[in-house]
């Protein structure tokens, strides 16, 4: 395969068209079109199809683009590792963070690796667990930090390393907290913010409320923990947060913790493609987890 042709294809796909790619590559559109045609002949499949005045990737093109992303990502990693760019970090650490992991927890787990390993280049990706596991399987990630182990219905080779857990607490603005003199009974018919339904904490919170016979009014639900906190800061509703972060939540948002829910624990896992944690930053993450979590 001529990798120069592959690079032209990759640039067209990522630039959104041949004209823009030609500007970036300092070539004529005719030259790029001819080179991509040679690549299609070599691969035996069309990579683009005309749509109106533009081009759209075919199914084969989308598949080829995924491989091209990986090839050129590895090329960048090779240059970094061999030190051809001395001014740049030389040890990539590619981490996926699922939507169910609060940003503050992710930061506390990853910060010691950044601070403690010279030349580390941290690359964070957010998304759903299924997509991040697919990236891990393709070696595009070194680790996924998640709020659950690998589900049994996902056929991905990987290993779940328990990092620890934290009890969940409920917080509220000063006025709402002052009115809550009988926790948890004060939650009945009270406004509450909850995490998105893709998180385990949401399911466990609903189970706990049902067991306690409480029916608060859900006035908002958020996949992003930081956004949930921002709305909770307004003081119009109770909202859950991690007990290990209670001091930070109260100080940062000017709210009060009204009580911990001992029956609910948020658990966190480091998922890797290998059984052993071989990346030096991975070990820093587990060390930080042992200091932070239960």
Could you check how many residues of region 210-240 are surrounded by fewer than 15 Cβ atoms within 10 Å (Cβ to Cβ) and part of a loop (DSSP other than H, G, I, E, B)? 4
Name, by its number, the condition in (1) at pLDDT 85 or above; (2) farther than 21 Å from residue 287 by Cβ; (3) more than 13 Å from the chain's Cα centre (by Cα) that does not hold for residue 156. (1)
Do we have any residue at all in region 158-165 that's within 30 Å of residue 68 (Cα to Cα) and buried (at least 16 other Cβ atoms within 10 Å of the Cβ)? yes
Would you mention how many residues in region 151-205 are in the same structural domain as residue 256 (by TED's automatic domain parsing) and more than 21 Å from residue 294 (Cα to Cα)? 27
Residue check, residue 243 against (1) more than 24 Å from residue 134 (Cβ to Cβ); (2) surrounded by fewer than 16 Cβ atoms within 10 Å (Cβ to Cβ); (3) touching a residue at least 12 places away in the same chain (Cβ under 8 Å); (4) out of contact with any helix residue (DSSP H, G or I) (no Cβ under 7 Å at 6 or more places or on another chain), all met but one. Which one? (2)
With criteria (1) closer than 23 Å to residue 124 by Cβ; (2) at pLDDT 90 or above; (3) touching a strand residue (DSSP E or B) at 6+ places or on another chain (Cβ under 6 Å); (4) not assigned by TED's automatic domain parsing to the domain that holds residue 126, residue 245 comes up short on (3)
Could you list all residues from region 133-153 that are loosely packed, with under 14 Cβ neighbours inside 10 Å and closer than 16 Å to residue 282 by Cβ? 139
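Kindly indicate whether residue 130 is surrounded by fewer than 16 Cβ atoms within 10 Å (Cβ to Cβ) and in the same structural domain as residue 259 (by TED's automatic domain parsing).
No.
Going through region 263-291 one residue at a time, which ones are assigned to a strand (DSSP E or B) and either surrounded by 20 or more Cβ atoms within 10 Å (Cβ to Cβ) or in contact with a strand residue (DSSP E or B) (Cβ under 6 Å, 6 or more places away or on another chain) (or both)? Talk me through it step by step, then tell me what you get.
Step one: of region 263-291, the residues assigned to a strand (DSSP E or B) are 263-272.
If the condition is that a residue be assigned to a strand (DSSP E or B) and either surrounded by 20 or more Cβ atoms within 10 Å (Cβ to Cβ) or in contact with a strand residue (DSSP E or B) (Cβ under 6 Å, 6 or more places away or on another chain) (or both), then 264, 265, 266, 267, 268, 269, 270, 271, 272 are the ones that fit.
How do the helices (runs of 4 or more DSSP H) wholly within region 1-117 filter down when requiring 3 or more residues that are within 30 Å of residue 197 (Cβ to Cβ), touching a helix residue (DSSP H, G or I) at 6+ places or on another chain (Cβ under 9 Å) and touching a residue at least 24 places away in the same chain (Cβ under 8 Å): which remain? Even if it seems obvious, please write down each step before you answer.
On the way: elements: 3-15, 18-25, 29-43, 59-81, 103-116.
Answer list for region 1-117: 103-116.
The values are calculated or read from the model by the stated rules, or taken from the named source; none is laboratory data. The structure displayed is predicted, hence computed values, not measured ones. Don't worry about glycine lacking a Cβ; one is built from the backbone with ideal geometry, like all the others, and counts go over all protein chains shown.
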